[in-house]
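One structure is given below, encoded as structure tokens.
The values are calculated or read from the model by the stated rules, or taken from the named source; none is laboratory data. Values in this document were obtained by computation on a predicted structure and should not be read as measured data. Note that each Cβ is placed from the backbone with ideal geometry, even for glycine, and that neighbours are counted across all protein chains shown. Accessible surface is based on the protein model in full, side chains and every heavy atom, while ligands, DNA and RNA are left aside. Shrake-Rupley method; radii C 1.70, N 1.55, O 1.52, S 1.80 Å.
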Amino acid sequence: MKKYRKQLIIWLFEVSKTLYTSLFKNHKPWGIYKAELLTYPDYTFGKHLGLFLEKNNFELIPKVERHDAYHVLTGYSIKVEDEIALQYLSLGNGKHSLYLYGAVILGTLLLPDYIKYYLKSYRIGKNANTFHNLDFKNMLLVSISDIRSAIFINLNY
């Protein structure tokens with residue numbers, strides 16, 4: 001049964017992604033692609049973002065590139081429960097959006113088995129320095145370890 005609930009969430013993510021970006025995201029896309037990111041020096045946030053995209057066979061989604069940046073910074077995978085946990089972490093970090101609230105509510109209702117993990121993720125976000133509002137495009141050449149250590153001061157990232 002859990003398998004079907006996860007499939008439903010994946011389908012909802014896919015359907016809502018395009019709608020959300022076209023209706024609610026008015027800023028310009030980064031205009032950067034995986035191939036370019038993979039040319040960055042190994043220690044950089046940009047290189048790690050490129051490796052994440054390559055591993056998952058993705059390109060950055062225009063206008064919501066920061067979501068993949070969150071994955072790279074936090075180490076959360078693209079599994080359904082990690083996607084929801086990442087939303088909890090973002091909520092704990094002070095991010096507020098209609099999409100985030102929808103993911104948290106639906107994720108909690110459809111996959112309550114992971115509530116302890118979700119709450120742990122919320123606490124991580126709460127204890128981290130605010131990062132949800134950073135300009136990640138301008139940080140692509142910064143050391144990923146420097147970014148992580150500045151954000152997650154009290155955590156071992």
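Of all the numbered requirements in (1) in contact with a Leu (Cβ under 6 Å, 6 or more places away or on another chain); (2) among the polar types (S, T, N, Q); (3) surrounded by fewer than 15 Cβ atoms within 10 Å (Cβ to Cβ), Thr39 misses one, and that requirement is (1).
Count of region 50-67 residues, restricted to those that are open to solvent by 10 Å² or more (accessible area, probe 1.4 Å) and without any contact (Cβ under 8 Å) to a residue 40 or more places away in the chain, is 10. Among the criteria (1) of a type outside the set (D, E, K, R); (2) within 27 Å of Tyr4 (Cβ to Cβ); (3) open to solvent by 20 Å² or more (accessible area, probe 1.4 Å); (4) without any contact (Cβ under 8 Å) to a residue 60 or more places away in the chain, the one Ala150 does not fulfil is (2). Can you say whether Val72 is under 20 Å from Ser149 (Cβ atoms) and either modelled with pLDDT of 95 or more or surrounded by 18 or more Cβ atoms within 10 Å (Cβ to Cβ) (or both), as far as the supplied structure shows? Answer is yes for this residue.
Out of the residues in region 85-128 that are open to solvent by less than 70 Å² (accessible area, probe 1.4 Å) and not in a helix (DSSP H, G or I), state the one that is farthest from Ile147 (Cα to Cα).
Residues of region 85-128 that are open to solvent by less than 70 Å² (accessible area, probe 1.4 Å), as a first pass: 85-95, 97, 99-100, 102-104, 107-108, 110-112, 114-115, 118, 121, 124-125, 128.
Keeping just the survivors that are not in a helix (DSSP H, G or I) gives 93-95, 97, 111, 128.
Working: Asn93: 15, Gly94: 18, Lys95: 18, Ser97: 24, Leu111: 31, Ala128: 12 Å.
The residue in question is Leu111.
In the set (1) surrounded by 12 or more Cβ atoms within 10 Å (Cβ to Cβ); (2) more than 16 Å from the chain's Cα centre (by Cα); (3) farther than 19 Å from Lys2 by Cβ, the condition left unmet by Lys28 is number (1).
Answer yes or no as to whether Ile10 is in contact (Cβ under 8 Å) with a residue 40 or more places away in the chain and not in a helix (DSSP H, G or I). In short, no.
Would you be able to tell me the number of residues in region 32-57 that are in a loop (DSSP other than H, G, I, E, B) and either of a type in the set (D, E, K, R) or modelled with pLDDT under 95 (or both)?
Within region 32-57, the subset in a loop (DSSP other than H, G, I, E, B) is 32-33, 38-43, 56-57.
Right, trim to either of a type in the set (D, E, K, R) or modelled with pLDDT under 95 (or both) and you get 42.
Qualifying residue count, region 32-57: 1.
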